[in-house]
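The values are calculated or read from the model by the stated rules, or taken from the named source; none is laboratory data. If you're wondering where the values come from, they're calculated on a predicted model, not measured in any experiment. Here the Cβ positions follow ideal geometry from the backbone for every residue, glycine too, while neighbour counts run over all protein chains shown.
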Amino acid sequence: MLKRIALSAALLPLFYVFVMYAPRAWFCVLAAAAAVLCHLEFLSMYGFRSPLNRVSSLAAAVPSWLIFKYNEIPTIALVLLFTWTLWMRLFSGKGPQSALRDVSALWVGLFYTAVLPSYFIKLHAIGPQAVIYLAAVIWGADALAYFTGKFMGKRKLSPLTSPNKTVEGAAGAFVGGVIVSILMSYIFALSLSAGKAAFIGAALAAVGMVGDLVESMFKRDAGVKDSGALIPGHGGLLDKLDGMLFSAPVFYYLLIFINRG
């Protein structure tokens, strides 16, 4: 825990400065690099470790580039990415056995670790504060969920998928998400009422927990504890971003809906 706190204390200010003040193109590069690394971790979890897979993971940067350039992902791009996964499996050196399972893992992994992170760029286009807001709410919810579950947790939330998560921890996540969301709305002087900020915080906390459980499901299916070892005390990058991957699209569309309202 001390290692995790020390690393967070060192990296979070750098993350804040980069997101808030770096050119948008640099942020796009960061998001694309995160997508590639997450995709590599996902492939590694499921045993795809050939040099071809490593090189092909560069395709995970394509959705981020498309969002940066056009603010959308054309259908043709998804078709090409799907064709790419078939090509990867066909020339992987493996026989036809378990081909459907392998292609499914490749395609799900590409959508999970490449398409979802592209929403970070959509949020950054609204304003860099939106990215900081999202990160603060998700990490705040995670922190309160951890301490609430550790000291008060009794009832298992999803014992088959993530035995350490508790109902009490989930309640802590909701409280943490609401509190941090309201604080961030005041810090950034956003035109959000306390009720809207609380709703956003609760929604992001809920979706963040789902994202966390989805990654736990994948890790249990793959038989691994962490997605990787990139971040000391935290595991892989995917372990750190799992909640944000699912909540970024939700936050983006919530902001669009609220602004239209």
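Is it the case that F120 is farther than 30 Å from W26 by Cβ and outside any loop (DSSP other than H, G, I, E, B)?
No: the conditions fail for F120.
S216 passes all but one of (1) farther than 16 Å from V131 by Cβ; (2) in contact (Cβ under 8 Å) with a residue 60 or more places away in the chain; (3) crowded, with 19+ Cβ neighbours inside 10 Å; which number fails?
Condition (2) is where S216 drops out.
Inspect all residues belonging to the stretch 155-168 and state whether any of them is of a type in the set (A, V, I, L, M), surrounded by fewer than 20 Cβ atoms within 10 Å (Cβ to Cβ), closer than 26 Å to S104 by Cα and at pLDDT below 90. Can you show your working first?
First, the residues of the stretch 155-168 that are of a type in the set (A, V, I, L, M): 157, 160, 167.
Checking the rest, the ones that are also surrounded by fewer than 20 Cβ atoms within 10 Å (Cβ to Cβ) come to 160, 167.
So of that shortlist, the ones also closer than 26 Å to S104 by Cα come out as 160.
Keeping just the survivors that are at pLDDT below 90 gives 160.
Within the stretch 155-168 (the criterion being of a type in the set (A, V, I, L, M), surrounded by fewer than 20 Cβ atoms within 10 Å (Cβ to Cβ), closer than 26 Å to S104 by Cα and at pLDDT below 90), the answer is yes, since at least one residue qualifies.
Are any residues in the stretch 123-153 part of a helix (DSSP H, G or I), free of Cβ contacts under 8 Å to residues at least 60 places away in the same chain and either touching a strand residue (DSSP E or B) at 6+ places or on another chain (Cβ under 7 Å) or not aromatic (F, W, Y) (or both), and if so, which ones?
Once the filter is applied, which keeps residues that are part of a helix (DSSP H, G or I), free of Cβ contacts under 8 Å to residues at least 60 places away in the same chain and either touching a strand residue (DSSP E or B) at 6+ places or on another chain (Cβ under 7 Å) or not aromatic (F, W, Y) (or both), the stretch 123-153 yields A136, G140, A143, L144, T148, G149, K150, M152.
Suppose we keep only residues that are among the charged types (D, E, K, R) and at pLDDT 90 or above within the stretch 7-58. Which one would you say is farthest from T113 (Cα to Cα)?
My answer is R24.
Before we move on, is L204 touching a Cys at 6+ places or on another chain (Cβ under 7 Å), within 27 Å of E72 (Cβ to Cβ) and assigned to a helix (DSSP H, G or I)?
So L204 fails the test.
Which condition number does S104 fail, the rest of (1) surrounded by fewer than 23 Cβ atoms within 10 Å (Cβ to Cβ); (2) in a helix (DSSP H, G or I); (3) in contact (Cβ under 8 Å) with a residue 12 or more places away in the chain; (4) of a type in the set (S, T, Y) being met?
(3)
If we keep just the residues of the stretch 175-211 that are among the hydroxyl-bearing types (S, T, Y) and closer than 14 Å to F251 by Cα, which is modelled with the highest pLDDT?
S181
For the stretch 90-101, which positions are assigned to a helix (DSSP H, G or I) and more than 24 Å from V214 (Cα to Cα)?
Once the filter is applied, which keeps residues that are assigned to a helix (DSSP H, G or I) and more than 24 Å from V214 (Cα to Cα), the stretch 90-101 yields only L90.
Where residues in the stretch 126-171 are of a type in the set (D, E, K, R) and over 18 Å from L11 (Cα atoms), which of them is nearest to the chain's Cα centre (by Cα)?
K165
Yes/no per residue for (1) within 30 Å of F42 (Cα to Cα); (2) in a helix (DSSP H, G or I); (3) of a type in the set (F, W, Y):
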site: S191; (1), (2), (3): no, no, no
site: A198; (1), (2), (3): no, yes, no
site: G208; (1), (2), (3): yes, yes, no
site: M217; (1), (2), (3): yes, yes, no
site: D239; (1), (2), (3): yes, yes, no
site: D242; (1), (2), (3): yes, yes, no
